[in-house]
1. Go from 0 up to the bin containing the longest alpha carbon distance in the stretch 48-180, width 5 Å each, and give me the % of pairs per bin.
2. Points 7 angstrom from Cα along the Cβ direction at Asp117 and Ser212: gap in nanometres?
3. Identify all aspartates and glutamates with a Cα-Cα distance to Lys65 below 19 Å; exclude those on the same chain that are fewer than 8 residues away in sequence.
4. Once you have the Cα-Cα distance between Ser176 and Ala68, take 0.36 nm times their residue separation minus that, and quote the gain in nm to one decimal.
5. Could you pull out every one of the lysines with an alpha carbon less than 22 Å from that of Lys266, ignoring same-chain neighbours closer than 8 positions?
6. Probe radius 1.4 Å, ligands and nucleic acids left out: which of Tyr71, Tyr223 has the largest accessible area, and how do the rest follow?
7. If I model a spin label as a point 7 Å beyond the Cα along the Cα-Cβ vector, how far apart are those points for Ser306 and Gln291 in nm?
8. Could you give the spread of the C-alpha atoms of the stretch 205-302 along their three principal axes, from largest to smallest, in whole angstroms?
Amino acid sequence: MRVLLPLLRTSWAWRLGVPAAAAAAAAARLPRGASAGPEPRRAMAFYRTEERGQPHSPGYRLFFKNVAGHYISPFHDIPLKADSEENLFNMVVEVPRWTNAKMEIATEEPLNPIKQDVKDGKLRYVANIFPHKGYIWNYGALPQTWEDPHRKDKSTDCCGDNDPIDVCEIGSKVLSRGDVVHVKILGILALIDQGETDWKLIAINVNDPEASKFHDIEDVKKYKPGYLEATLNWFRFYKVPEGKPENQFAFNGEFKNKAFALEVIKSTHECWKALLMEKCAGGAINCTNVQVCDSPFHCSQEEARSLVESVSFSLNKGSSEEDQVWHFLGK
């Protein structure tokens, strides 16, 4: 018997992230004389997000479905690349700009829904540090990447942080949690968090009005002066209000360029492939997937649905977001 969950909301929105073959098939179904859009990258596919549980509660989860309505993993089943020729990548948005809730892909849960991080039994929120409010970019991750905690990075001399690689999207639009957007990679920052390499990609939504101006990290300095400095300071200080020391960086906090960033993405994608093929130790990482057919962790659509429906959710009403306070870290 199917158990009714306390809250379930679904929403459909046009999401970027369709492979070229699917885009071509969609274009072929258009009436004669119709146009699929001004350029191929605007071909879109439905990604359905399904909320279960109350927001601002430990039981909240945001699950993903593909165009056919089947549950998928945003970690494993959404392709890394959106366009191999132009080096466009799919980004899964976890945290919209200006918000505080520390939302993340649940790497240790079946089908890896987005959830709010919990520490010491409490939901986690990032502090407001003057002059910023919450996250200062749309924050998320590249699917099909993994920073291997057992593999030492040759450029930082530290192992990975056991997560998909993080993305700071710097476009003008505030995106929504669960959006899947095509991004251009511009550069990368190497945060060293408690001895682990925690890469932070700098990217821009390809459909941003100013995206055509941005091709490499120098363009960020030119067209958004002060943004990289603000990014460095944000990551340096964001844990200080919790009583922790300032974060450290490799390369003295220098942002590396696009070419360097693409090599890091390539490396983390290879680590992910080894993980999904059980060629390395994944620990508690949940590798269940629906679309990587040659993976030993592949499951059927019916099994995926059963996994989602078996997840228990708290019946407690969600609390309002934490009280907003500001921290001025003057010297």
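The values are calculated or read from the model by the stated rules, or taken from the named source; none is laboratory data. Model, not experiment: these values are computed from the prediction. All Cβ positions, even for glycine, are placed from backbone atoms using ideal geometry, and neighbour counts span all protein chains on display. Note: accessible area is taken over every heavy atom of the protein model, side chains too, but ligands, DNA and RNA are not part of it. Shrake-Rupley method; radii C 1.70, N 1.55, O 1.52, S 1.80 Å.
1. Histogram of Cα-Cα distances, whole percents per bin: 2, 10, 17, 21, 21, 17, 9, 3, 1, 0.
2. In this crude spin-label approximation the distance works out to 3.8 nm.
3. Leaving aside aspartates and glutamates fewer than 8 places away in the same chain, those within reach of Lys65 are Glu50, Glu51, Asp77, Glu94, Glu104, Glu108, Glu109, Asp179, Glu302, Glu303, Glu309.
4. Details: separation 108, 0.36 × 108 = 38.88 nm, distance 2.16 nm.
Result: 36.7 nm gained on full extension.
5. Hits, sequence-local ones excluded: Lys81, Lys152, Lys154, Lys184, Lys200, Lys256, Lys258, Lys279.
6. On the way: Tyr71 10, Tyr223 95 Å².
Sorted descending by solvent-accessible area, the residues read Tyr223, Tyr71.
7. Result for the modelled spin labels: 2.3 nm.
8. 49, 41, 27
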